[in-house]
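Enquirer: One structure coming up, written as structure tokens, with questions to follow.
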Amino acid sequence: MAVRGKTLGRKLLDQLATIVTPDTLMRWHRKLIAAKYDGSSQRAVGRPTVMKEIRRLVIQMAQENRTWGYTRIQGALKNSKHEVGRGTIATILKEAGIEPAPERSGKTTWRDFLKTHWSVLAAADFFTVEVWTRTGLCRYLVLFVMELSTRSVQIAGIARDGNRLWMSQIARNLCDVPDGLLTGKRFLIHDRDPLFTGEFLDILAASGITAVKLPPRSPNLNAYAERFVRTAKESCLDRMIFCGEGSLRLAVSELIEHYHRERNHQGLGNRIILPEPGTVAKKTFVRRRTRLGGMLNYYYRDAA
């Protein structure tokens, strides 16, 4: 009625209006105009909230730099063209449950410690395989060493009966410059297997490598090595019957080659440890490379 009344004009409304007065209709019309431009429902109480991008950056910087205080984070944000006050940074961290720098820097987690020392960490472990020989079913030991930063694995030794001399020779091979896997490493994580003898540890110590012995019954503390054992067993070793040491060595060799050059690793973002170089021609057929009679498969396109 207000809209129609405005079109008719006040003089004509005086003649036609019977239910309401012209002033009432005009008041309704003014309210309609005011409601059209009313933005109060979109205004929040208090100061505007901080943009999601700034909040994300503040939390990320505090988590990745445990010693950074509010002023240091403020300076880093300024490098990214964000002007943020120290009080705003303090509020964001408090809401996220992140402590101030003095308390935060004094609580280093195992995850942060491992990341800091990632490039100098290695892990060693054994697994066993049953092999048929002339004397019957015999257990063989397989010792491997893993570089934790890259997940690359080296088979250090395969033997029917491990002993002190065998382990000492393996230690020398691992510390050999420049080909030994432990060259440049500072820590070797291992369990309490008695084959990690005093001579073995002494050779490591002479090369500047500290042996970190895990507590009893704690496989989760050497999770990457344990995961490799599971991969080796499930994808290959538990599905084969070995006749003689030669067949075991061949299977392990093929497994390691597949593990490094053909297997996608979820812990590395589904990447291959040592991918083949070259670009891929998208229009070529998908091919399959098999190992151990099709037990290990790799699908690829020919390089351009």
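The values are calculated or read from the model by the stated rules, or taken from the named source; none is laboratory data. The structure displayed is predicted, hence computed values, not measured ones. Quick reminder, even Gly has a Cβ in these numbers, built from the backbone with ideal geometry, and neighbours come from all protein chains shown.
Enquirer: Under 7 Å between Cβ atoms, at least 6 apart or on separate chains: pull out the pairs that start in the range 73-91 with a residue that is without any contact (Cβ under 8 Å) to a residue 40 or more places away in the chain and end on any residue that is acidic (Asp, Glu) and part of a helix (DSSP H, G or I).
Expert: Listed by first residue and then by second, the contacts come to nothing, as the list is empty.
Enquirer: Here's something else I'd like to know. In the list Leu268, Leu182, which residue meets the criterion of being out of contact with any strand residue (DSSP E or B) (no Cβ under 8 Å at 6 or more places or on another chain), modelled with pLDDT under 95 and among the hydrophobic types (A, V, I, L, M, F, W, C)? Give the steps one after another, and end with the answer.
Expert: Working: Leu182 fails: out of contact with any strand residue (DSSP E or B) (no Cβ under 8 Å at 6 or more places or on another chain).
None of the others qualify; the one that does is Leu268.
Enquirer: Continuing with this model, one more query. Filtering the range 237-260 down to residues that are under 26 Å from the mean Cα position of the chain (by Cα) and touching a residue at least 60 places away in the same chain (Cβ under 8 Å), which residue is nearest to Ala159 (Cα to Cα)? Before you say what the answer is, go through the steps one by one.
Expert: Narrowing the range 237-260 to residues under 26 Å from the mean Cα position of the chain (by Cα): 255-260.
In the following step, the residues that additionally are touching a residue at least 60 places away in the same chain (Cβ under 8 Å) were identified as 256, 259-260.
On the way: Ile256: 17, Tyr259: 21, His260: 23 Å.
Ranking the candidates gives Ile256 first.
Enquirer: From (1) touching a strand residue (DSSP E or B) at 6+ places or on another chain (Cβ under 7 Å); (2) within 29 Å of Leu165 (Cβ to Cβ); (3) of a type in the set (Phe, Trp, Tyr), pick out the condition that doesn't hold for Phe200.
Expert: In the conditions (1) touching a strand residue (DSSP E or B) at 6+ places or on another chain (Cβ under 7 Å); (2) within 29 Å of Leu165 (Cβ to Cβ); (3) of a type in the set (Phe, Trp, Tyr), Phe200 misses (1) alone.
Enquirer: Further question on the same structure: Within the range 177-198, can you find the residues that are over 29 Å from the mean Cα position of the chain (by Cα) and either exposed (fewer than 13 other Cβ atoms within 10 Å of the Cβ) or of a type in the set (A, V, I, L, M, F, W, C) (or both)?
Expert: Val177, Pro178, Pro194, Leu195, Phe196, Gly198
Enquirer: Please verify whether the range 120-127 includes one or more residues that are modelled with pLDDT under 70 and more than 30 Å from Asp161 (Cα to Cα). Break it down stepwise before answering.
Expert: Going through the range 120-127, the residues modelled with pLDDT under 70 turn out to be none.
No, the range 120-127 contains no residue that is modelled with pLDDT under 70 and more than 30 Å from Asp161 (Cα to Cα).
Enquirer: Hey, can you tell me all the residues within the range 22-52 that are within 39 Å of the chain's Cα centre (by Cα), modelled with pLDDT of 80 or more and loosely packed, with under 10 Cβ neighbours inside 10 Å? Explain how you work it out, then say what you get.
Expert: Narrowing the range 22-52 to residues within 39 Å of the chain's Cα centre (by Cα): 44, 47-52.
Now drop any that are not modelled with pLDDT of 80 or more, which leaves 51-52.
Correct list: Lys52 only.
Enquirer: Are any residues in the range 197-242 assigned to a helix (DSSP H, G or I), of a type in the set (A, V, I, L, M, F, W, C) and under 30 Å from Gly293 (Cβ atoms), and if so, which ones? Please lay out each step first, then the result.
Expert: In the first step, residues of the range 197-242 are kept if they are assigned to a helix (DSSP H, G or I); the result is 198-206, 219-235, 237-239.
Narrowing the set further to residues that are of a type in the set (A, V, I, L, M, F, W, C) leaves 200-201, 203-206, 221, 223, 225, 228-229, 232, 237.
If the condition is that a residue be assigned to a helix (DSSP H, G or I), of a type in the set (A, V, I, L, M, F, W, C) and under 30 Å from Gly293 (Cβ atoms), then Ala225, Phe228, Val229, Ala232, Leu237 are the ones that fit.
Enquirer: A further question follows. Taking interchain pairs and intrachain pairs at least six residues apart, which have beta carbon atoms under 6 angstrom, with the first residue in the range 56-71 and assigned by TED's automatic domain parsing to the domain that holds Gly87 and in contact (Cβ under 8 Å) with a residue 40 or more places away in the chain and the second in a helix (DSSP H, G or I) and surrounded by 18 or more Cβ atoms within 10 Å (Cβ to Cβ)?
Expert: Close Cβ pairs (under 6 Å, with a partner that is in a helix (DSSP H, G or I) and surrounded by 18 or more Cβ atoms within 10 Å (Cβ to Cβ)) amount to Ala62/Leu93; Arg66/Arg104.
Enquirer: Of all residues in the range 139-158, how many are surrounded by 15 or more Cβ atoms within 10 Å (Cβ to Cβ) and more than 28 Å from Thr116 (Cβ to Cβ)?
Expert: Residues flagged as surrounded by 15 or more Cβ atoms within 10 Å (Cβ to Cβ) and more than 28 Å from Thr116 (Cβ to Cβ) within the range 139-158 amount to 5.
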